[in-house]
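Notes to accompany the following structure.
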Amino acid sequence: MNLSKQYLILFLILSSIFSNAEGLYADTLCLKTDSFISFAADSVDFPSFTKMPEPEKNCCPYIMARIEKYGLQDAEANRMVRLLSETKQIDYNSPSIIRLIYRYEDCPAVRRSKQTFVKKAFDRRDRYNVWTGEGSESEVSMMRTSGYLFAQKALLYGSFFKNVPERLAEMKGWIMDWSSRVYEVGTAEFNSSSSNVYSIIGWLNLYDFAEDEEVKLAAKAVLDYYATEMALHNNLGFTGGSEMNGTFIEDQEKTASFFYNWFWYDSDQDTCDFTGNNFLQLIYAVTSDYRPPSLLAKYAKFTPVEPGFYFTSKPSYLLDKESFNKQMYYRTSNYSLGCLYSSYGGWTDNSSQIVNWKLLVRNDKKVSEVRGNGPFWNNYSGMGKDPWTQFAQYENILIQLTKVPENAQQKYNQIDGLCKVWNKRWKKDYKKRFADEVSKKNIYSSAKNIRFDNESYLIFPGDVEFSDTDGTWFVNFGSVYMSILGVPAHQPTYLRSYSDKQLLVINNDPGKVCGFVIELFNADGYASYDEFKEEFIRHHIMYLDAGRDLLTYESPEEKHVEMLFRNDGIFEEPIVDWGYGVVEQTVNIHRAGFEQPDWSEFDDSGRLPVLLADNKQYNFEEVWPVMSGPSINLDNSILKVEFEGESYTVDYSGEIPVFLD
């Protein structure tokens, strides 16, 4: 047999394997779709419609599941559509109405109510209008994508609705601008287990229902971006790494992101425990034509042979300052560890849901979570940007240092005063933008439950068992061993219960650093847990130069890491929708020029450490690629996924994205 025939046979064999894999993936999604539709149509127990919070968010998916299972004539679905059309305004949950009037337009109640829904969208003028509304990144994504599709539907009614072509053009402008900006800098609500899906659903609608091919391509590009971010951080459905808006993993099992990870990426489970109400948002994914690239589904299985060390960056809120937030993320077959480097100040509620770092350890089908933080937000959740805590990571090593100054209360009072002025300026300009708005209240109020104790903590699951050997703590996760060193070494580290968790806490005098160094080890590298502990105690080095706030650590594997706690630098707060300086409603609010107070005169403004690891100093003030690592890279508006000999590329360096397998 000649060489060309051998290559041809090999090609056909590989093609058959890949084709079969695609078919199995599609079959699995069909089984999951049936499982979800069956449960959502029959097993959801809603309160009275008039008492239900956010009926669009909750009712519409239920209505759609009923129609999917029982058909367009289903009496219950038609009854609820009539109630919805009679009682509810269009707000930021508008994607649910869009999918209802596009996919199910032949349902009798939808057919009768369709024009009413479109009219409600055109009539609304407050902050929840679908053209110039304001809110979080996910809210704006839901509103603008819906605005485009409401305008597209309005074309069917001739001159009944005013300025329809102009609205359509404005929304397309936002879609093309925002989608291309995402490929330049990433998203501000990065990697959020709480918010991502609510950004995704509007783009799913655009992909399915937009008649303009350029809009459809832009939507696919954004969906591929989110699908890539979710695949990179997926760990048995849970979201690994740092997050802009996060929850504990036991709460993640009730978030929409968990269910999207299950639907898109969990090939082993056809069914799922549909708890809470957020699983209802799956209706968009299961009824959409969009599917993530199959290569991402492979990658998300989380079984890398070699560890992958990734570097990611995201912008400040409204996508204005690129590479404002950075992450180091270490992904292995047994665990993931991700750490955020951010110049967010941490003083306001807008940063209270940030997860600064997170360890997820996988052992069989169980995932254990560890986080840490300083005490500022006083909730021991590991969430919230603490003004006086800094973090550093190098691969499997993480350092957390806290230094609360003696005059911490005075410094908070100074910031509190600036924020109150901010609130007044926001309210004044907001009233000019939305003259008829009456529902929006103050966007800032002084925190009531913050703490100024100089302590640092780690939070563990309640069932974790610790070993304490001469002041060094160890944890056996089964597949993974963890070492924990307190900083400074002479300070006692103590354990206490907190709700169903366990806290490891260390403190120091005000103005002096305290914290932890943790390191992860694969258990199969040691004959026993006891051998591991003995090896670690003999072969690690840790030294704190207290006068310089410089910590030096050398691991048993001879990794050398130095972290300098920095007092100088710059910071700002997440602006979300409460900046000032803009008095006109704006479509592209990320380019509108919102302002916040000038924090430059504030002492102890540092948020970013100096990190030296294995003779390389990492610069957290330079621009990093949006994603960079062994298999996934997004830089210069080109996304590349390369895994197991396959590749997938989205090139958005031009005006229109191009997709290459």
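Readers should treat all values here as calculations from the given coordinates under stated rules, not as data from a laboratory. As the structure is a prediction and not an experimental result, all values here were calculated from the model. No Cβ is skipped: glycine too gets one built from the backbone with ideal geometry, and neighbour counts run over all protein chains shown.
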Would you mind calculating the gained length between ARG548 and ASP27 on full extension (0.36 nm times residue separation, minus the Cα-Cα distance), in nm to one decimal?
181.6 nm
So which lysines can LYS69 reach, going by Cα to Cα under 23 Å and dropping same-chain residues fewer than 8 places off?
LYS32, LYS57, LYS114
Lys, Arg +1 and Asp, Glu -1 on Cβ, resulting dipole of the chain about Cα centre, debye, nearest 20
2580 debye
Compute and list, largest first, the equivalent-ellipsoid semi-axes of the chain from the alpha carbon gyration tensor, each √(5λ) rounded to a whole angstrom.
42, 32, 23
When the gyration tensor of the range 29-299 is built from Cα positions, what are the square roots of 5 times its three eigenvalues, in whole Å, from largest to smallest?
27, 23, 16
Fully extended, how many nm does the chain gain between ILE541 and GLN617 (0.36 nm per residue separation, minus their Cα-Cα distance)?
25.4 nm
Can you give the angle from 0 to 90° between the axis of helix 408-433 and the longest principal axis of the chain, with both taken from C-alpha atoms, to the nearest 10?
10 degrees
What are the lysines whose alpha-carbon lies under 23 Å from the alpha-carbon of LYS431, with same-chain residues fewer than 8 places away excluded?
LYS120, LYS420, LYS440, LYS441
Calculated [θ] (222 nm, deg cm²/dmol) that DSSP helices of n ≥ 4 give over the chain, each run adding -39,500 (n - 2.57):
-11500 deg cm²/dmol
TYR148: net charge of surrounding residues, Cβ under 13 Å, Lys/Arg +1, Asp/Glu -1, itself excluded?
-2
Label-to-label distance, nm, for residues given as TYR494 and GLU166 (7 Å Cα→Cβ offset)
6.8 nm
A 27 angstrom limit on the alpha carbon distance is what I want to check against. Which of LYS326/LYS428; LYS314/LYS358; LYS298/LYS321 exceed it?
LYS326/LYS428; LYS298/LYS321
Pseudo-spin-label distance ASP212 to LEU660, built 7 Å along Cα→Cβ, given in nm, is 2.7 nm
Can you give the relative contact order of the range 29-299 as a percent, counting alpha carbon pairs under 8 Å and 6+ residues apart?
19 percent
For the Cα atoms of the chain, what angle does the longest principal axis make with the long axis of helix 213-233, in degrees from 0 to 90, nearest 10?
30 degrees
Return P(r) of the range 370-509 (all Cα-Cα pairs; 10 Å bins starting at 0; whole %; ordered from short to long distances).
10, 32, 27, 16, 11, 5, 0
Where a ≥ b ≥ c are root eigenvalues of the Cα gyration tensor, a/c under 1.5 meaning rounded, otherwise prolate if a/b exceeds b/c and oblate otherwise, the range 184-318 counts as rounded
Packing-wise, with mean Cβ within 10 Å as the measure, how do 547-559, 501-513, 154-166 rank, highest first?
501-513, 547-559, 154-166
Ranked output for segments 199-211, 272-284 by mean other Cβ atoms within 10 Å, highest leading, reads 199-211, 272-284
Compute the acute angle (0 to 90°) between the alpha-carbon long axis of helix 164-185 and the principal axis of greatest extent of the alpha-carbon atoms of the chain; round to the nearest 10°.
20 degrees
